[in-house]
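**Q** Dropping the structure in here first, questions after.
The values are calculated or read from the model by the stated rules, or taken from the named source; none is laboratory data. In this text, all values refer to a predicted model and were calculated from it rather than measured experimentally. Glycine gets a Cβ as well: all are built from the backbone with ideal geometry, and neighbour counts include every protein chain shown. The protein model used for the area step is the full one, side chains on, heavy atoms only, and it has no ligands, DNA or RNA in it. Shrake-Rupley method; radii C 1.70, N 1.55, O 1.52, S 1.80 Å.
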Amino acid sequence: MDLVLLYVLTALQLGDIWTTQYALRNIKVANEANPVVRKRMDKLGILVGLLLLKVPFIVLIWTSTLPMWLMLGLIAFYGYVVVNNTRIILKHR
């Protein structure tokens with residue numbers, strides 16, 4: 001079960017990277033809501049800024065033992081993020 005949750009959370013991270021960079025590059029009204037991520041992207045570019053934050057997070061979740069409640073919470077949160085990004089992309093196609 002824990003391994004399945006790790007794969008789901010990793011897939012959501014990849015989905016967040018893809019949907020965020022796609023929306024920011026192709027949709028004029030799209031903006032990054034997270035000020036930390038936005039600052040990195042402004043300085044380093046969209047993809048590099050995202051990867052510098054997401055890759056260490058992915059490594060952390062794979063090398064740490066997270067409690068079940070935290071894994072489920074992260075999955076719920078990033079599930080919302082990816083769905084919201086996708087909604088914005090589809091709305092402004």
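**Q** Any residue at all in the range 30-37 that is assigned to a loop (DSSP other than H, G, I, E, B), of a type outside the set (A, V, I, L, M) and surrounded by 14 or more Cβ atoms within 10 Å (Cβ to Cβ)?
**A** If we filter the range 30-37 for residues that are assigned to a loop (DSSP other than H, G, I, E, B), which is where we start, we get 30-34.
Then keep just the ones that are of a type outside the set (A, V, I, L, M); that gives 31-32, 34.
Okay, now just the ones that are also surrounded by 14 or more Cβ atoms within 10 Å (Cβ to Cβ), so 32.
Taking every residue of the range 30-37 in turn, at least one turns out to be assigned to a loop (DSSP other than H, G, I, E, B), of a type outside the set (A, V, I, L, M) and surrounded by 14 or more Cβ atoms within 10 Å (Cβ to Cβ).
**Q** May I pose another question? Within the range 1-29, count every residue that is surrounded by fewer than 18 Cβ atoms within 10 Å (Cβ to Cβ), of a type in the set (S, T, N, Q) and over 14 Å from L74 (Cα atoms).
**A** Total satisfying the criteria: 1.
**Q** Take the conditions open to solvent by less than 50 Å² (accessible area, probe 1.4 Å), within 14 Å of W18 (Cα to Cα) and of a type in the set (A, V, I, L, M) and apply them to L74. Does it pass?
**A** Values: open to solvent by less than 50 Å² (accessible area, probe 1.4 Å): yes; within 14 Å of W18 (Cα to Cα): no; of a type in the set (A, V, I, L, M): yes.
Against the criterion (open to solvent by less than 50 Å² (accessible area, probe 1.4 Å), within 14 Å of W18 (Cα to Cα) and of a type in the set (A, V, I, L, M)), L74 does not qualify.
**Q** If you go through the range 57-71, how many residues are open to solvent by 70 Å² or more (accessible area, probe 1.4 Å) and either in a helix (DSSP H, G or I) or closer than 20 Å to I88 by Cβ (or both)?
**A** Taking the range 57-71 and keeping what is open to solvent by 70 Å² or more (accessible area, probe 1.4 Å), we get 59-60, 62-63, 65, 68-69.
Checking the rest, the ones that are also either in a helix (DSSP H, G or I) or closer than 20 Å to I88 by Cβ (or both) come to 59-60, 62-63, 68-69.
Within the range 57-71, residues that are open to solvent by 70 Å² or more (accessible area, probe 1.4 Å) and either in a helix (DSSP H, G or I) or closer than 20 Å to I88 by Cβ (or both) number 6.
Every residue, every condition in (1) in contact with a helix residue (DSSP H, G or I) (Cβ under 6 Å, 6 or more places away or on another chain); (2) free of Cβ contacts under 8 Å to residues at least 40 places away in the same chain; (3) not β-branched (V, I, T), yes or no:
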| site | (1), (2), (3) |
| --- | --- |
| W18 | no, yes, yes |
| Q21 | yes, yes, yes |
| N31 | no, yes, yes |
| R38 | no, yes, yes |
| I46 | yes, yes, no |
| L50 | yes, yes, yes |
| F57 | no, no, yes |
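**Q** Sort out which residues of the range 1-29 are under 20 Å from L60 (Cβ atoms) and not in a helix (DSSP H, G or I), and write them in order of number.
**A** M1
**Q** Quick one: V48 ticks every box in (1) modelled with pLDDT of 95 or more; (2) outside any helix (DSSP H, G or I) bar one, so which box is it?
**A** Looking at each condition in turn, V48 falls short on (2).
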